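Student: The structure under discussion is supplied below as structure tokens; questions concerning it will follow.
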Amino acid sequence: MKILGIETSCDDTAAAVVDSNGRVLSNLLSSQEAFHRDFGGIVPEIASRKHAELIGYVILEALTLAHITLQDIDLIAVTNGPGLEGSLLVGVEAGKALSFALERPLIGINHLEGHIYSLFLEGSPLYNAKAYFPLLILIVSGGHTELILMEDHLKYRMIGRTRDDAAGEAIDKFARFLGYGYPGGPVIEKIGQSGNPDFVKFPGLSFKGSPYEFSFSGIKTAGIYYLEGHSDLVSTHLADIAASYEKAIINILIERTLKAASDFNVSGIGVVGGVSANKRLKEMLMAESKIPVYFPQKPYSTDNAAMIALCGSKHYKMGEMDNLLIDVYSRLEIQSAPVKK
Ligand code: KG4
Ligand code: ZN
């Protein structure tokens with residue numbers, strides 16, 4: 001089976017062709033970074049307009065790179081939430097049009113669940129592997145920080161999330177304050193590479209509550225106050241400050257994740273979402289965890305359509321399908337698939 005994946009939930013216009021095992025025949029992405037840079041963040045109106053301009057080309061190019069034609073597509077999987085509604089609509093309408101014209105099934109995919117399936121794509125240790133559940137999944141992106149217990153394929157239990165900002169957002173705001181555009185994560189990583197991560201002690205978690213809940217607003221504010229109050233050190237020790245801030249965020253992620261992994265007695269930890277591209281996070285978590293830790297291959301850490309296609313194929317195999325009435329949702333929870341009758 002060949003699945004066409006379409007992903008337009010944020011600012012990247014993406015299409016991919018994947019087979020039902022997770023082999024990637026093509027994975028294409030057109031970044032809109034340059035169009036949003038001057039605004040210091042994503043402008044929703046620009047994002048949807050650019051998606052509308054680019055989506056046709058990106059889909060056709062993904063087919064060309066996979067050496068197939070539209071007629072060879074067996075299923076269309078498209079992200080329909082969570083994300084920017086105007087952006088999601090462009091991908092969903094493209095998916096609908098193709099589904100109608102080609103008479104192929106269409107399935108709407110939750111973007112966050114799609115991220116989980118980045119772990120099962122070709123190149124990952126979990127690709128076509130047999131026994132690895134239950135897995136603890138840490139989703140860390142620009143808009144979400146969640147811990148999910150994955151008991152089996154398509155079977156999830158939400159166990160904790162951030163009560164305020166997402167980890168990626170806290171890094172993006174810090175970078176923005178320093179004058180860098182979106183996304184800030186790769187910039188802070190690069191600046192902090194040579195820095196001393198123990199130069200500044202940023203505060204860790206300070207609230208009592210669920211041991212699996214996160215909070216990043218405190219550290220975000222502390223980071224910005226630090227930058228405001230230490231302009232002299234910012235010019236002489238930027239690498240050290242960036243490394244310290246990054247490490248403080250990673251410490252919070254690791255502390256909560258390892259606690260949940262131990263309490264739920266999982267056999268492995270999977271980290272997905274844009275922040276999973278971070279080298280320091282990977283190295284520190286791998287060093288501290290006693291159980292296997294899985295990260296997606298780098299191109300599948302940040303938003304992509306290959307993960308959407310594979311996730312779509314899993315749902316389709318369970319007998320699920322959408323129709324042309326499919327809608328988009330700015331907020332959407334990960335749901336377990338219904339039990340197959
Ligand atoms: O999953 P993603 O591509 O888009 C969303 O669904 O949000 O994640 C984007 C987030 C941004 O906050 C970005 O700064 C962060 O992932 N990010 C990183 C790195 N690459 C992307 N954060 C830290 N280190 C990176 N190398
Ligand atoms: Zn994402």
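Student: Determine the calculated [θ] at 222 nm for the chain from helices alone, applying -39500 (n - 2.57) to every DSSP H run no shorter than 4 residues and normalising by the residue count; nearest 500 deg cm²/dmol.
Tutor: Mean residue ellipticity, 222 nm, calculated: -12500 deg cm²/dmol.
Student: Between GLY83, GLY270, GLY41, where does the largest GNM mean-square fluctuation fall for the chain, given springs only between Cα atoms within less than 10 Å?
Tutor: Per the Cα network of the chain with a 10 Å cutoff, GLY41 tops the list.
Student: Leaving out ligands, DNA and RNA but keeping every protein chain, what accessible area does LYS317 have, in Å² rounded to the nearest 10, with a 1.4 Å probe?
Tutor: 100 Å²
Student: If amide hydrogens are placed 1.01 Å from N in the peptide plane, which non-local residues have theirs closer than 5 Å to the one on TYR329?
Tutor: Amide H to amide H, under 5 Å and 5 or more residues apart or across chains, TYR329 pairs with GLY81.
Student: Could you give me the ³J(HN,Hα) list for segment 213-229, computed from phi with Karplus coefficients 6.51, -1.76, 1.60 and θ = phi - 60°, whole Hz, x at Gly and Pro?
Tutor: 8, 10, 8, 10, 6, x, 5, 4, 5, 4, x, 5, 4, 4, 4, 5, x
Student: Let me ask another. Taking the Cα-to-Cβ direction at PHE35 and at THR236 and moving 7 Å from each Cα, how far apart do the two end points lie in nm?
Tutor: 4.4 nm
Student: How big is the C-alpha Rg of segment 133-295 next to the rule-of-thumb value 2.2 N^0.38 Å, as a ratio?
Tutor: 1.02
Student: What residue among VAL293, VAL92, VAL78 has the largest mean-square fluctuation in a Gaussian network model of the chain, using Cα springs under 10 Å?
Tutor: Looking only at VAL293, VAL92, VAL78, the biggest GNM fluctuation is shown by VAL293.
Student: Relative contact order for segment 124-220: what percent, with Cα pairs under 8 Å and sequence separation of 6 or more?
Tutor: It rounds to 25 percent for segment 124-220.
Student: Would you mind checking which residues have amide H under 5 Å from ILE159's amide H? H placed 1.01 Å from N; only 5 or more apart, or other chain.
Tutor: Under 5 Å from the amide H of ILE159 lie the amide H atoms of LEU147, ILE148, LEU149, each far enough along the sequence or on another chain.
Student: Now for a different question. Hey, any idea what Rg/Rh is for the chain, computing Rh the Kirkwood way over Cα pairs?
Tutor: 0.98
Student: Roughly speaking, what is the centre-to-centre gap between segment 196-229 and segment 121-189 when only Cα atoms are used, to the nearest Å?
Tutor: Taking the Cα centre of segment 121-189 as reference, the centre of segment 196-229 is 18 Å away.
Student: Shifting gears a bit: May I ask you to list the aspartates and glutamates whose Cα is less than 18 Å away from that of LYS208, ignoring any residue fewer than eight positions away on the same chain?
Tutor: Cα-Cα hits under 18 Å: GLU146, ASP164, ASP165, GLU255, ASP263.
Student: Roughly what angle does helix 167-177 make with the longest principal axis of the chain, taking Cα atoms, 0 to 90 degrees, to the nearest 10?
Tutor: 60 degrees
Student: Next up: Please list CYS311, CYS10 from largest to smallest accessible area, probe radius 1.4 Å, with all protein chains kept in place.
Tutor: Correct descending sequence by accessible area is CYS10, CYS311.
Student: While we're on this one: Across segment 112-121, in residue order, what do the Karplus-derived ³J(HN,Hα) couplings come to in whole Hz, using 6.51 cos²θ - 1.76 cosθ + 1.60 with θ = phi - 60° and x for Gly and Pro?
Tutor: Listing the rounded values in order: 5, 5, x, 4, 4, 6, 5, 6, 10, 7 Hz.
Student: Same structure, new question: List the pairs from LYS155/LYS282; LYS130/LYS259; LYS282/LYS314; LYS190/LYS290; LYS173/LYS247 whose alpha-carbon separation is above 20 Å, in the order I gave them.
Tutor: Distance filter (> 20 Å) returns LYS155/LYS282; LYS130/LYS259; LYS282/LYS314; LYS190/LYS290.
Student: Ignoring ligands and nucleic acids, what accessible area does SER217 show with a 1.4 Å probe (Å², nearest 10)?
Tutor: Looks like 40 Å² after rounding.
Student: Between LEU102 and TYR329, what is the FRET efficiency for a Förster distance of 30 Å, r being their Cβ-Cβ separation, to the nearest 0.05? If you can, show how the numbers build up before the last one.
Tutor: Working: r = 25 Å, r/R0 = 0.83.
Taking R0 as 30 Å, the efficiency between LEU102 and TYR329 is 0.75.
Student: Additional query: To the nearest 0.05, what FRET efficiency results for PHE207 and ASP263 with a Förster distance of 22 Å applied to their C-beta separation?
Tutor: 0.75
Student: Next up: Using the heavy atoms of the protein chains and a 1.4 angstrom probe, tell me the accessible area per residue for segment 133-295 in square angstrom.
Tutor: Numbers: 6940 Å² over 163 residues.
For segment 133-295, the solvent-accessible area averages 43 Å² per residue.
Student: I would also like to ask the following. Ordering LEU126, LEU25 from largest to smallest accessible area (1.4 angstrom probe), what's the sequence? Mind showing how you got there, number by number?
Tutor: Details: LEU126 5, LEU25 40 Å².
Most to least solvent-accessible, the answer reads LEU25, LEU126.
Student: Could you put PHE174, PHE202 in order of accessible surface area, largest first, with the 1.4 Å probe and the full protein assembly present?
Tutor: PHE202, PHE174
Student: In the chain, what percent of the accessible surface is made up of carbon and sulfur (1.4 Å probe, ligands and nucleic acids excluded)?
Tutor: 53 percent
The values are calculated or read from the model by the stated rules, or taken from the named source; none is laboratory data. Everything numeric here is computed off the predicted structure, so don't read it as measured data. FYI the Cβ positions are ideal-geometry reconstructions off the backbone, even for glycines, and counts take in every protein chain you see. These accessible areas exclude ligands, DNA and RNA; they are computed on the full protein's heavy atoms, side chains included. Shrake-Rupley method; radii C 1.70, N 1.55, O 1.52, S 1.80 Å.
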